[in-house]
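The values are calculated or read from the model by the stated rules, or taken from the named source; none is laboratory data. On a predicted model such as this, the values are computed, not experimentally measured, just so you know. Quick reminder, even Gly has a Cβ in these numbers, built from the backbone with ideal geometry, and neighbours come from all protein chains shown. Heads up: the accessible areas ignore ligands, DNA and RNA and are worked out on the full protein's heavy atoms, side chains in. Shrake-Rupley method; radii C 1.70, N 1.55, O 1.52, S 1.80 Å.
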Amino acid sequence: MKKLLSLAAAAMTVTAALTGPSATSLAETDAPNYLLSCSFESGEDGWTGRGGASVETTSKSAFAGSKALYCSNRSDSWNGAAISLESTVSAGSTYSFSTNVKYESGKKETALYHFTMQYSDGSDTKYVKIASATIIKGEWAQLTNPCFTVPAGASDISIYVETATGTTDFYVDDVKIADEGTAIEGAKGGKYIPGDILPDGVVDTFDLICARKLLVASDQPAPQSINADVDKSTEFAVNDLVLLDEYVSGKITEFPDNTPEPEVTPFEYEANKQFKEAPGNYFQRCEQQGKVTQENYSSIRGNKTLYVYTPYNYDPEKKYNIFYLMHGGGENEKTLFFQDDTMIQNMLDHMIMNGELEPLIVVTPTFNGQGGEAANFYEELRANVIPFVEGKYSTYAESTSEEDIRASRMHRAYGGFSMGSVSTWQVFKNDIDLVGYFMPLSGDHWGGNGAYGKAKDLADAVDKSGFTNRQYFIFAATGSDDIAYPNVNPQVDEMKKMSQFKFTSDFSEGNFYFMVAPGKTHWWGYVRHYVYDALPYFFHETGE
Ligand code: FER
């Protein structure tokens, strides 16, 4: 992506060299005769919100002059900015129409906009598109049609700007209607046309020349760079140049779509997830077995051992989500894999084989060690454990630099049982920049005074981090008869009242859940089922 953004002064230079006086008028008049001309410099010029939308003039952005019309509060794609044409145009006559539009919010890098006419044919309301274009976020684009005929018999005519989908705000500026054939000047470029790097609406040799220059240029911003990424790989690279060459020479007629796989998979969350035990055979050996590997590493708390579960058919060329799962007090890094009441590797194997869980890496470290305790493990996690494990195994971390570990936090989870849960709340408090998902099981937060104080301690840490409540997700659980229940439950009740924690197990809506398993006590034999219930809920949010 960096490359994409670094392209354009070169493009601008080439643009200047190649375009010249390109916007010549089709009609041979010096001053076009405008039947309508709206600049929004001194008001809304008769424009109104369509549907529930609002319009107002703004000086935040303008295509021409210093103001534009800003359209917001849209609740449907057909909501937009409109003007009634009354007697401006006549049914059956042909005119030139032009408007300029821009949007700068929302996730989509490009969006389809329509310049539409609404009219009555005497009995029904009809809609006809004057011009449409897929435009590039953050850039002004012109929607124009120099020869548009108002349908014969039309009355109650209005024109408006709308989107094909979505409800993002947008700007409109310099709307004009002129005589048939008039080339109305408007924004150059701003349209998403793969290959149209030198923005003139066609993909030709000039774009190829421009692409060659762009590929050797660097360190400059490129307004049309998204058009240079013809294969949609998110990067402008040699492959794009090769494809563009083939396209311009007629060897290919369309560009391949190399859009990268989405980084997260969709999931059908239940909003109020109830405790459900894993099937009994999930703790028996699975026919598709993953692997548990012992690893030795040195840390700020001395030389230590941890275990790494890699799924069946683990492929170091692929990227895996990773879950760090901490044992309880008096236990160790072996606890999760080598006891009758755990054997979670078998459970993971079955879940993955049956499609209930995406293949992932699970790590069981320990907080035991020189000066080590549950409450300070977050230090070692940051300093040693994550860099060691993710330097060796293939996760979403592009490298073990803190920057890359942060960038991959929505693919990293941390959880633990009892004192491991104590360590989890501490990781939440101190390492939220590295971890996106948390699974505290049967243990409260040791920090802050009383239930409110504990919740407040965590909320304050969130505020300090600057993350929004769409960027961290907590699935807590315990048994109703667990000795930790009286500690955790009041803390959860206080957290529920805070805006940092929105309570539901539907993580597309909220970010915090507490599952209580009826009758269960403080024992891995029960707690492993909480992992079975909670882990599939992780890794489906983008953190955006
Ligand atoms: C709790 C958190 C941790 C709790 C117990 C522990 C009783 C751990 C105890 C131990 O390992 O001794 O909320 O509740």
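Pairing residues of segment 428-439 that are in contact (Cβ under 8 Å) with a residue 60 or more places away in the chain with residues that are surrounded by fewer than 21 Cβ atoms within 10 Å (Cβ to Cβ), at Cβ distances under 6 Å and at least 6 apart in sequence or on separate chains, gives G436/G543. Of the strands (runs of 3 or more DSSP E) lying entirely inside segment 51-106, those carrying at least 1 residues that are closer than 16 Å to Q142 by Cα and in contact (Cβ under 8 Å) with a residue 60 or more places away in the chain are 68-72, 80-84, 94-102.
The condition of being at pLDDT below 95, open to solvent by less than 20 Å² (accessible area, probe 1.4 Å) and within 33 Å of the chain's Cα centre (by Cα) holds for only one of G510, G543, that being G543. Scanning segment 63-89 for residues that are more than 15 Å from T99 (Cβ to Cβ), touching a strand residue (DSSP E or B) at 6+ places or on another chain (Cβ under 8 Å) and of a type in the set (S, T, N, Q) gives S72, N73, S77, N79, S84. Return a yes/no flag: does segment 403-421 have any residue that is within 16 Å of the ligand (Cβ to nearest atom) and polar (S, T, N, Q). Looking through segment 403-421, at least one residue is within 16 Å of the ligand (Cβ to nearest atom) and polar (S, T, N, Q). Among the residues that make up segment 490-506, is at least one of them buried (at least 24 other Cβ atoms within 10 Å of the Cβ), touching a residue at least 60 places away in the same chain (Cβ under 8 Å) and within 15 Å of the ligand (Cβ to nearest atom)? No, because not a single residue in segment 490-506 is buried (at least 24 other Cβ atoms within 10 Å of the Cβ), touching a residue at least 60 places away in the same chain (Cβ under 8 Å) and within 15 Å of the ligand (Cβ to nearest atom). Out of all the residues in segment 147-186, which are among the small types (G, A, S), out of contact with any Pro (no Cβ under 9 Å at 6 or more places or on another chain) and not in a strand (DSSP E or B)? Once the filter is applied, which keeps residues that are among the small types (G, A, S), out of contact with any Pro (no Cβ under 9 Å at 6 or more places or on another chain) and not in a strand (DSSP E or B), segment 147-186 yields A152, G153, A154, A164, G166, G186.
The requirement of being in contact with a strand residue (DSSP E or B) (Cβ under 8 Å, 6 or more places away or on another chain), within 15 Å of the ligand (Cβ to nearest atom) and part of a strand (DSSP E or B) is satisfied by T478. As a summary of the residue check, Q471 satisfies the conditions (1) away from the ligand (no atom under 14 Å from the Cβ); (2) in contact (Cβ under 8 Å) with a residue 60 or more places away in the chain; (3) part of a helix (DSSP H, G or I); (4) under 21 Å from Q426 (Cα atoms) except for the one numbered (3). Inspect segment 124-133 for any residue being surrounded by 15 or more Cβ atoms within 10 Å (Cβ to Cβ) and in contact (Cβ under 8 Å) with a residue 40 or more places away in the chain and give the result as yes or no. Yes, the conditions are met somewhere in segment 124-133. Selection over segment 424-444 of residues that are within 12 Å of the ligand (Cβ to nearest atom) and in a loop (DSSP other than H, G, I, E, B) gives a count of 3. Just so you know, in segment 373-417 the residues that are β-branched (V, I, T) and more than 15 Å from V308 (Cα to Cα) include one that is nearest to the chain's Cα centre (by Cα), and it is I405.
When segment 356-371 is examined, which residues are found to be assigned to a loop (DSSP other than H, G, I, E, B) and either more than 15 Å from Y320 (Cα to Cα) or open to solvent by less than 10 Å² (accessible area, probe 1.4 Å) (or both)? Answer for segment 356-371, where residues must be assigned to a loop (DSSP other than H, G, I, E, B) and either more than 15 Å from Y320 (Cα to Cα) or open to solvent by less than 10 Å² (accessible area, probe 1.4 Å) (or both): E356, P365, T366, F367, N368, G369, Q370, G371. Taken over segment 388-423, the residue count meeting the criterion of being over 23 Å from N313 (Cα atoms) and open to solvent by 30 Å² or more (accessible area, probe 1.4 Å) is 8. Residue-level analysis places Q370 outside the set of residues that are more than 16 Å from the ligand (Cβ to nearest atom) and under 20 Å from D533 (Cα atoms). You will find that of N469, N487, N430, the residue that is within 18 Å of E541 (Cβ to Cβ), open to solvent by 10 Å² or more (accessible area, probe 1.4 Å) and assigned by TED's automatic domain parsing to the domain that holds A383 is N469 and no other.
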